[in-house]
Structure formats: C-alpha cells, structure tokens
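Working notes, beginning with the structure itself.
The values are calculated or read from the model by the stated rules, or taken from the named source; none is laboratory data. Here the structure is a predicted model, which is why all the values come from computation and not from measurement. For neighbour counting, all protein chains shown are included, and Cβ atoms are generated from backbone atoms with ideal geometry for every residue, glycine included. Ligands, DNA and RNA are stripped out before the accessible areas are found, and what is left, the full protein with its side chains, is counted by its heavy atoms. Shrake-Rupley method; radii C 1.70, N 1.55, O 1.52, S 1.80 Å.
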Amino acid sequence: MRGREQGNTMYVLRTFDWLRLSVLGCALLAVTQTAAAQSFPSRPLTLVVPFAAGGPSDVAGRIVAQSLSEKLGQQVVVENPAGAGGTLGSLRVAKAPPDGYQFVIGNSGTHAWSQALYKKPPYNTVTDFAALGLVVEAPRVIITPKNFPANTLPEFIAYVKANQSTVKYGSAGAGSASHVSCILLNAALGVDIVHIPYRGLGPAMQDLIAGRIDYMCDSPSTSRPQIETNNVKAIATTGAKRTSVLPVVPTVREQDLDFEVMTWQGLFLPKDTPDPIVRHLNQALSAALDLPFVRERFKAVGEDVAPAERRSPEYFAKFVAAEIDKWSGPIKASGVSVD
C-alpha cells in the first residue's frame, strides 16, 4: 500500500514538474517574441506584389510600401513575382520564414476566389497565411476597346450573346480578381466566352487598347486614365453605387442587370508569424492608412480605404473566410475551373 502511495506521489510530482516546465517555456517564448517585436524591424522588409507592374495591386502596393516605410522606420521594398493569377507570388510568401520581413498584398482573386476556382489550390488561404489587415475595396469596371460596337450594358449584352464564338475577354491571369469577376459576369449573362490570361493587367490593357481582346473587368485605378484619354470605353461599374472617380459611368444595376461584385486588397504574412510582430505591423498599417496623402492617393484611383474598425487581423481573417464561403458556390456553378 505504501509503495503504491509513493508511486502516486512521484507521478504527481512529475506531472507538476512537467506543467511547471511547460508554463515556464510558454513564458520564455512570450518574452522572446515580445523582445523580438520591440526590436522589429531591424532591416528592410519586402512587400510582394504578385502581379506585373502597373496593375491595381501594384498601385496599391506601392502606396502601402511608401507609407509603411515612414511608419516602420525601415524601407519596404516592392517586388513583382508575377504569374498564375497572383498565386505564384502569394505561394512564395506562404513558404517564407515567419519573421515578419516578407508579406504579400493579396486580393479577392488570389486569396478568396482561387480557393474554389483551382482544382488543386496551391495554398490554403485560411491555414497557410496570417491575416495582417484589410487595406481597400473597390468595384470593377467593364471596359472595351473604344471602337467596340456597344455603348451601354444592354447593347454590350446583346452583342456578346450574338458573338459568343468570336468574342474574347482578358484578365491579369487565371484566378485573378479580373478573371473571376468576368466569370461571374458571364455567368450572370448566360454566356460562354474565351478567356485570354495575361501576366498582369498592364499587358492585358495594352491588348485591349489595340483591339486584340474585347473586354475586361478592370479596377478603377488602372481603367480611369485610359477611359479619360478615350483609349478605352467604360460600359458599367459593378458596385452598389457609382464610383467617385468615374461618376458618369452607370452601375450594372442602373442598367437593369441584378449583379454586384466588389473586390478588396489586404496584407498577408506567412502562417506562424509571432503575434507581437503581426500586431506591430498591423498598427503601422492602420496608422499608414490614416495618413492624409495615403487616403487622397487611394481616393484618386477609386479605392475606398477600409475603416479603422475593419482593419484588425481578427476582422480580416473572418472577412476572408466569409468571402471564400460566399463565392465558392457561384464560381463552381459557373463550371469554370483552373488546373
């Protein structure tokens, strides 16, 4: 009996020692992470823009990089590893060391729609990234070459339906926001149109201007200069209301089509990035988005800065998960997929 009591006592002591060591280990880890965050960043950081220069992600990324450099006291360098609708650059960040020195500006296409569009997504947005914060939101703009034989959405719909075998639309790449917004538009119209993917919206815009493709679902930031110089024609915007940078362009709903698509852009870190570093970067991002010159620059390109209450990592993580759920059904119902 006494031997059993001694055995039980030793078991309790060992358990107590194990718990004490576990608590001590957690405390040391927390202290180490906090100390690392206090000295962070100690060298330049990299913001990955997973599209070619000149597109909406590149425009937003460079605005964010400049303002973050000011707030962090270290240069934020922009790199553009384009390809595969933005998933190549995003995958690079997913596999990067989780030390806070590399993050990606993702969007509706790269981090929400890709999860349903790809037969085998190259990453899981929810589990392979740490959400840093929402940056901006904007509608899409349906644009065509200036000599396209339609000026209104009803005329556009009639022409596309009558010429499905020859009409082509372009995008920044398979799975990109410009691709999936057009997939959703085509599904709403009941048409099956040939898709021409590019390595970013910049090259796609060049071919649209030249008349080699017939339409795109672009962002206000890259379409506005071409619309104002009469290089391309705006048919409609896809938001609930007209965008302030293109006030004369009607929405699709104003033209009797029950359809709405808003796209967003936000920052993502590799999974397992220490929480103190995530918090530090999020605070810098929020402060950067409140800078007057940042808000003015985003307003000038038709992007709405996320309000303060929607910028936290927790909100952004829940928002992205909800976006994946919201659009997976319509994307799969369209029948379009990417290998």
By accessible area of protein heavy atoms, probe 1.4 Å, what ranking do Ser328, Ser176 get, highest first? Ser328, Ser176
Under 5 Å from the placed amide H of Lys146, counting only residues 5+ away or on other chains, we find Lys233
Within straight cross-link reach of Lys71, meaning Cα distance under 12 Å, which aspartates and glutamates are found once same-chain residues fewer than 8 apart are removed? Asp290
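Given a cut-off of 22 Å, name the pairs among Lys168/Lys233; Lys146/Lys299; Lys95/Lys299 whose C-alpha atoms lie farther apart than that in the structure shown.
Values: Lys168/Lys233 16 Å; Lys146/Lys299 25 Å; Lys95/Lys299 33 Å.
Going by Cα-Cα distance, Lys146/Lys299; Lys95/Lys299 fall outside the 22 Å limit.
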Could you give the spread of the C-alpha atoms of the range 265-337 along their three principal axes, from largest to smallest, in whole angstroms? 43, 35, 20
What Kirkwood hydrodynamic radius, in Å, does the chain give when the mean of 1/r is taken over all pairs of distinct Cα atoms and then inverted? 21.4 Å
Regression test value, accessible area per residue of the range 111-201, probe 1.4 Å, units Å², expected 35 Å²
At 7 Å along the Cα-to-beta-carbon direction for both Arg43 and Val248, put a label point, then send me their distance in nm to one decimal. 5.2 nm
For the chain, what is the calculated [θ] at 222 nm in deg cm²/dmol (nearest 500), taking -39500 (n - 2.57) for each run of four or more DSSP H residues and dividing by its residue count? -14500 deg cm²/dmol
If you find the alpha carbon centre of the range 107-151 and of the range 232-280, how far apart are they in angstrom? 9 Å
Run the Debye formula on the Cα coordinates of the range 215-339, all scatterers equal and no solvent, and tell me log10 I(q)/I(0) at q = 0.14 1/Å. -0.84
Among the aspartates and glutamates, which fall within straight-line cross-link reach of Lys119, defined as a Cα-Cα distance under 17 Å, with same-chain neighbours fewer than 8 residues apart omitted? Asp325, Asp339
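Just to be sure I understand: of the beta bridges DSSP finds with both ends in the chain, what percent are antiparallel, rounded to 5? Could the numbers behind the result be given before it?
On the way: 23 of 38 bridges.
Percent antiparallel among DSSP bridges in the chain is about 60.
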For Lys326 paired with Ser286, estimate the spin-label separation in nm (one decimal), with each label point 7 Å from Cα along the Cα-to-Cβ line. 2.2 nm
Work from the charge dipole of the chain (Cβ charges, +1 for Lys and Arg, -1 for Asp and Glu, about the Cα centre) and give the residue of Val278, Phe148, Ile105 farthest towards its positive end. Val278
